[in-house]
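Data block below; observations after.
The values are calculated or read from the model by the stated rules, or taken from the named source; none is laboratory data. All values reported here derive from a predicted model rather than from experimental measurement. Cβ coordinates were reconstructed from backbone atoms using ideal geometry, including for glycine residues, and neighbour counts include every protein chain displayed.
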Amino acid sequence: MMMLDDTEHTIYIHDLDRELAEIESSEDPSIFLPGIGEKLAVFPKSLVAQSKPKCQALVLYQQPTSPSMPRDKDNAGKALAETRERARSLYNASSLDEPQQAHLSHRHCEQEGMDVDDDP
């Protein structure tokens, strides 16, 4: 028989599934803003509804802007945008004949390939 420290902060859980079900039923349901369902529908279901995570992340990115300088006078921003565009055109030109895949790796995940679409 195993001896347990019986203190005022000791909690015994006999049925973990029942305890988790009680916690989940007491939580407030998720509420989505109107129209968000249509915006989420544009993402592939394989990214949105996976039962087991596969170390894939979807990053929504917007071109950064300078908070202190108007867009038409932001030379650093223009240079960055031009550099990104040149890199994209070089990548697209070099990979016309090859299937497009980006290889992701993470310390805690197996290395897997992820398909990349050209659609904006």
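Considering each residue of segment 1-27, count those that are modelled with pLDDT under 70 and either surrounded by 10 or more Cβ atoms within 10 Å (Cβ to Cβ) or under 24 Å from the mean Cα position of the chain (by Cα) (or both), and give that number. The number of residues fulfilling the criteria is 0. Among the residues making up segment 45-70, those that are surrounded by 10 or more Cβ atoms within 10 Å (Cβ to Cβ) and either aliphatic (A, V, I, L, M) or at pLDDT 75 or above (or both) are Leu47, Val48, Thr65, Ser66, Met69.
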